[in-house]
Amino acid sequence: MPLPSGHLIVKDHYHTLQIPPHATQHEIKQAYRRLAMIYHPDKTKNDPYAQARFIEIREAYEVLINPVRKETYLQERWYDESIGKKRTSGDITPVSVLKLCLELEKYVSTLDVHRMNRDGLFSYINQLLSSDTIERLKRFNETSVNRQIISTTLMTIKPLPLKFASALATKLEVLADNDESSLDHIQDLLRQQKKKLLWNKYQVLVIVIVTSLICLLIYVTSK
């Protein structure tokens, strides 16, 4: 079963700058200047949510003002519209990332663990929790929300093999920072994954031994 295409944030740079898709370069510059006056860190006393909005505004401007990057973006935008993928302004905040993690966890819980695309799931979570996203989340310093993100992600990566779980756990440890509770949960998951790996490795041998003992017991008691 393929991963849903609508979970990850697909950015609408025009919506972010509050301009129509047919806006001219002059209008793009005007929109950026107007919004920068509102959301620039110097104007908002380093409010983390305003900073998140300013980062998206600056990214949208840098894409749309550059002819090459704009052309690439427009092609991607056309493709997304052709397959019905919706775009959003997509500020990266603890709440927005938690919402994505909760949606993904709910979706993964419906999958058959024996038939799921583990490579695809790993790639999906790896993209969702990119290094850039984690660094942005840490700036908010919202430990309780980050703890929920970590807890939800741990539930999502349970079906993954140890090599994937370990790679994602490393990212989650960066997000956890000094939160001992989250770090303990991450280590608990890794211990469970290691036990699962050992069981999968030796279960055939265990089954053979148990079967042999049962056969021996039946043979002895039948005499």
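What the table shows:
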{"read-out": "The lone exception for D132 - which of (1) more than 30 Å from P41 (Cα to Cα); (2) among the charged types (D, E, K, R); (3) free of Cβ contacts under 8 Å to residues at least 60 places away in the same chain it fails", "value": "(1)"}
{"read-out": "Qualifying positions in segment 178-197 - among the polar types (S, T, N, Q) and surrounded by fewer than 10 Cβ atoms within 10 Å (Cβ to Cβ)", "value": "N178"}
{"read-out": "Scan of segment 157-175 for residues that are part of a helix (DSSP H, G or I) and in contact (Cβ under 8 Å) with a residue 40 or more places away in the chain, ordered by number", "value": "F164, A167, L168, K171, L172, V174, L175"}
{"read-out": "Those residues of segment 22-41 which are more than 30 Å from the chain's Cα centre (by Cα) and not aliphatic (A, V, I, L, M), in sequence order", "value": "H22, T24, Q25, H26, E27, K29, Q30, R33, R34"}
{"read-out": "Selected residue [of a type outside the set (D, E), out of contact with any Gly (no Cβ under 7 Å at 6 or more places or on another chain) and on the phi > 0 side of the Ramachandran plot] from N66, N126, N141, N146", "value": "N141"}
{"read-out": "Leading residue by the ranking (surrounded by the most Cβ atoms within 10 Å (Cβ to Cβ)) among those in segment 105-118 that are touching a residue at least 24 places away in the same chain (Cβ under 8 Å) and either over 29 Å from L198 (Cα atoms) or among the charged types (D, E, K, R) (or both)", "value": "E105"}
{"read-out": "Residue among N146, N178 that is part of a loop (DSSP other than H, G, I, E, B), of a type outside the set (F, W, Y) and farther than 19 Å from V108 by Cα", "value": "N178"}
{"read-out": "Helices (runs of 4 or more DSSP H) completely within segment 1-97 that count 3 or more residues being within 30 Å of L121 (Cα to Cα) and either at pLDDT 90 or above or not assigned by TED's automatic domain parsing to the domain that holds S131 (or both)", "value": "13-17, 48-64, 67-82"}
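Conditions tested, residue by residue: (1) loosely packed, with under 15 Cβ neighbours inside 10 Å; (2) under 21 Å from L121 (Cα atoms).
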{"position": "L160", "(1), (2)": "no, yes"}
{"position": "A176", "(1), (2)": "no, no"}
{"position": "W199", "(1), (2)": "yes, no"}
{"position": "V208", "(1), (2)": "yes, no"}
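The values are calculated or read from the model by the stated rules, or taken from the named source; none is laboratory data. Not measured: the values here are computed from a predicted model. Reconstructed Cβ throughout: ideal geometry from the backbone, glycine too, with neighbour counts over all protein chains shown.
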